[in-house]
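First comes the structure, then the notes that go with it.
We did not get these values from a lab; they are worked out from the coordinates using the rules stated. Quick caveat, the model's predicted, so the values are computed rather than measured. Methodologically, a virtual Cβ is constructed for each residue, glycine included, from the backbone with ideal geometry; neighbour enumeration extends over all protein chains shown.
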């Protein structure tokens, strides 16, 4: 999904990098940041004003209604026993409360059901990012023999035979009134993009209510964004950078490495968002940590050392019992009160670049961001991308006119790309997919 930088700003994702840099320079070992720095840091977590939708699947209420019906329809599974909502329950953080769920065959699945909150701001989805967007993701669990175990053609035939469902497809897609796999995927993806996590006490604090959090919870926020280093990955409104990290959990699951076939991404899994975290236990891609206390113990002393560990992972983290309690208290403020609801109204915006294209041929990478993020080139002109970051990157282009994979781009290395055809291209990092560079190539 191509996500507009304007929506990033609304969601606090771009501002977070600058705010974190300021905060890191002024907060040492949990020391109190100046008021101005704290205000900037708080602003980077502000709730978004709008929700991004791709240009080829714009939002409509009819599409959302159809998507909701399909999400809860057990006819998507071969024996009618499972719906999407069976494993993604809103009251359980859009997960299922189990370490590993079970599909139609009854076998335990390899991974924990991921939360679906705030995926409108995601690009690659699933724990290993094997689907490039929500539309592409939909067919995965439906056709997987371990999950819903039904070919898409059979699902479509079932739904098309239902006059009520056929009418709903016609209303949702008046320009292409067909019951087919593409429209089914678009409808479910539209519904899933409306999964914007509800307001919590943390949001009220961010908005200016200084009494919304207790002193202990504020102390936990300072630890989260300072000494503990959690914010290096859990940033922005959704408390995730949507990147893939090896955090040192034991196991043979290769994660993102198996998808990219890249050694640097071995054992890396998607950073989960922390919104509604109080409802989504157990935690991690394998559901191996039952409580948030277990999670903190892992980071403070359970990390398995290996070469692929994330550069953003704190090393040698030491937390006192009081500090752990403060962090847990803060994390509790990210879960809303009462039954979690979905927004009644959606302010939709179209994904895409928000800044004018700059006519430059050299782009830098720093703090998981391309600078600039939108450029213009002439056909045949070459682009140089310089890694000025501390992290390994993987420059990628998936386009009918150009399929490019840089492999592991280490800090200090330069990637060179030639564009053989005119058009608009999306360049992204396979390890940090929210790093997006739009390239307009003139004829």
Cα-based Debye curve of segment 362-442 sampled at q = 0.11, 0.21 Å⁻¹ gives log₁₀ I(q)/I(0) of -0.24, -0.89
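Can you classify segment 302-427 as rounded, prolate or oblate using the Cα gyration tensor, where a ≥ b ≥ c are the square roots of its eigenvalues, rounded means a/c under 1.5, and otherwise it's prolate if a/b beats b/c and oblate if not?
Because a/c hits 1.5 or more and a/b fails to exceed b/c, segment 302-427 counts as oblate.
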Check: C-alpha center segment 306-346 vs C-alpha center segment 417-443, spacing in Å is 33 Å
Kirkwood Rh for segment 211-319 from C-alpha pairs, in Å, is 14.8 Å
Simple SL model, points at 7 angstrom along Cα→Cβ for residue 175 and residue 56; separation in nm is 1.3 nm
Taking alpha-carbon centroids only, segment 351-399 lies from segment 174-205 a number of Å equal to 29 Å
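Which order do the peptides 272-278, 334-340 come out in when sorted by mean C-beta neighbours inside 10 angstrom, highest first?
272-278, 334-340
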Quick note on 76, 383, ordering by fewest other C-beta atoms within 10 Å, gives 383, 76
Under a Gaussian network model of the chain whose springs join Cα atoms within less than 10 Å, the largest fluctuation of 405, 246, 162 belongs to 162
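How would you rank 233, 429, going from fewest to most other Cβ atoms within 10 Å of each one's own Cβ? Numbers along the way, then the final one.
Working: 233 19, 429 28.
Least to most surrounded, the residues fall as 233, 429.
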Bridge orientation stat for the chain from DSSP, antiparallel percent rounded to 5, came to 65 percent
Percent of all alpha-carbon pairs of the chain at distances over 34 Å, whole number, is 33 percent
Per the C-alpha gyration tensor (a ≥ b ≥ c, the square roots of its eigenvalues), segment 84-214 is rounded if a/c is under 1.5, else prolate if a/b beats b/c, else oblate; here it's oblate
Quick note on 221, 71, ordering by fewest other C-beta atoms within 10 Å, gives 71, 221
From DSSP H assignment alone, runs of 4+ in the chain each adding -39500 (n - 2.57), the sum over residues rounded to the nearest 500 puts [θ] at 222 nm at -8000 deg cm²/dmol
Each label sits 7 Å from Cα toward the beta-carbon; between residue 288 and residue 320 the label points are separated, in nm, by 3.1 nm
